[in-house]
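The block underneath contains the structure these notes are about, expressed in structure tokens.
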Amino acid sequence: MFGAGKPSGFPFAAPAHSPARPPIKCTVWVAGRGSGPVPQAFHGCGRRTLQRLSDDERRFSAYMGPMNRYQTVTADETVLRDGTIKLHGPDGFAGMRAAGRLAAEILDALVPFVQPGVTTGAIDDLVRQMTLDGGAVPATLGYRGFAHSCCTSINNVICHGIPGDKVLRDGDIINIDVTPLLNGWHGDSSRMYLVGEVPLKARRLVDVTYECLMIGIEQAKPGARLGDIGAAIQRHAEGHRYGVVREFCGHGLGRLFHDAPEVIHAARAGTGPELRPGMFFTIEPMINLGKPGVKMLDDGWTAVTRDRSLSAQFEHSIGITETGCEIFTASPKGLDKPPY
Ligand code: MF3
Ligand code: CO
Ligand code: CO
């Protein structure tokens, strides 16, 4: 999350079929921070900003290559959202393992409760209680004005659905996204749940979206590029004629909830920052049964599919190791995807 403004502002309309990056013509655009950002898209939670470069900056950037700065951090350091990609050591892995496990246990424990007749507010109450019982606090509670302990996104809602009076109905699909903050570490994960009898078309979307997440994770190893993840996800989703949402993306995390880098889910292989041991980030593809376009509701949070088609999402928090990656939020009970 790089923008300073409130997400409720949503001051621009994203193009219906926005590319992963704006087309590069004679002006160079980079993802980044700085003065005069041009908001372009939102991510997992925050916004992506694209900044226009002056001629001097463009020449410098062409000479230097894309700015991907890495910073090795220890667990007791104050970590700034300064655009650098953080590289963590064993203490970071231990912290994320514990936070991720709690996230997974909460998602596991929700399984019997996700039934027709239950409200999303009741699910939120359960998540808050389980998070507190686990010795953590919900990172979303009070986050940029969000007043709930999880996000509940039903059917055509892509992400950031607000828990409330809405009642689950037979045939619904719902994403529940939790982020316990445990001992200073964020475990961010979401899964889809099937409510009662769900039509085959929707179940297929859910299955393929889970495959997208895992195919993305397969790419996550030292030496690969971040774009390899998005390329693999996009290829799989579009192979099924589904739309990959561009306006929201995964994100670095650790001591911070939303940090660099942005993990886009539609990308070109071989592009983006190199993956290095110690990097922590989420992969959280949002896949639409129809076109990829997004519409924001007036509450400033709820993102829905522009064409009202169903949308699904799964999210894991992972850490790059010497040989591959560790999934911090894997289900201890094997309940990573439905049917549960
Ligand atoms: N957990 C979401 C993510 O995957 C972020 C939710 S922020 C909220 O990044 F404020 F909407 F809850
Ligand atoms: Co996330
Ligand atoms: Co999340």
Select from region 263-272 the residues that are within 16 Å of ligand 1 (Cβ to nearest atom) and touching a strand residue (DSSP E or B) at 6+ places or on another chain (Cβ under 6 Å) and write down the one among them that is farthest from residue 96 (Cα to Cα).
265
From the option list 256, 275, single residue qualifying as closer than 22 Å to residue 82 by Cβ, within 13 Å of ligand 1 (Cβ to nearest atom) and assigned by TED's automatic domain parsing to the domain that holds residue 90 is 256
Of the residues in region 137-156, those that are within 16 Å of ligand 2 (Cβ to nearest atom) and among the aliphatic types (A, V, I, L, M) come to 139, 141
Among residues belonging to region 83-128 that are of a type in the set (Asp, Glu) and touching a residue at least 60 places away in the same chain (Cβ under 8 Å), point out the one that is farthest from residue 168 (Cα to Cα).
105
Does residue 329 satisfy being part of a loop (DSSP other than H, G, I, E, B) and of a type in the set (Val, Ile, Thr)?
yes
Yes or no: residue 207 within 16 Å of ligand 2 (Cβ to nearest atom) and not small (Gly, Ala, Ser)?
no
Residue by residue through region 246-301, note down the ones that are assigned to a strand (DSSP E or B), closer than 20 Å to residue 213 by Cβ and out of contact with any Gly (no Cβ under 6 Å at 6 or more places or on another chain).
252, 262, 286, 287, 294
Look at residue 182 and say whether it is of a type in the set (A, V, I, L, M), touching a Pro at 6+ places or on another chain (Cβ under 7 Å) and in contact (Cβ under 8 Å) with a residue 12 or more places away in the chain.
no
Please count how many residues of region 258-296 are surrounded by fewer than 20 Cβ atoms within 10 Å (Cβ to Cβ), touching a helix residue (DSSP H, G or I) at 6+ places or on another chain (Cβ under 6 Å) and within 18 Å of residue 161 (Cβ to Cβ).
0
Looking across region 303-323 at residues that are over 20 Å from residue 220 (Cα atoms) and more than 15 Å from ligand 3 (Cβ to nearest atom), the single one that is surrounded by the fewest Cβ atoms within 10 Å (Cβ to Cβ) is 308
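The values are calculated or read from the model by the stated rules, or taken from the named source; none is laboratory data. None of these values were measured; they are calculated from a predicted model. Counting neighbours? That spans all protein chains shown, and the Cβs are built from the backbone with ideal geometry, glycine included.
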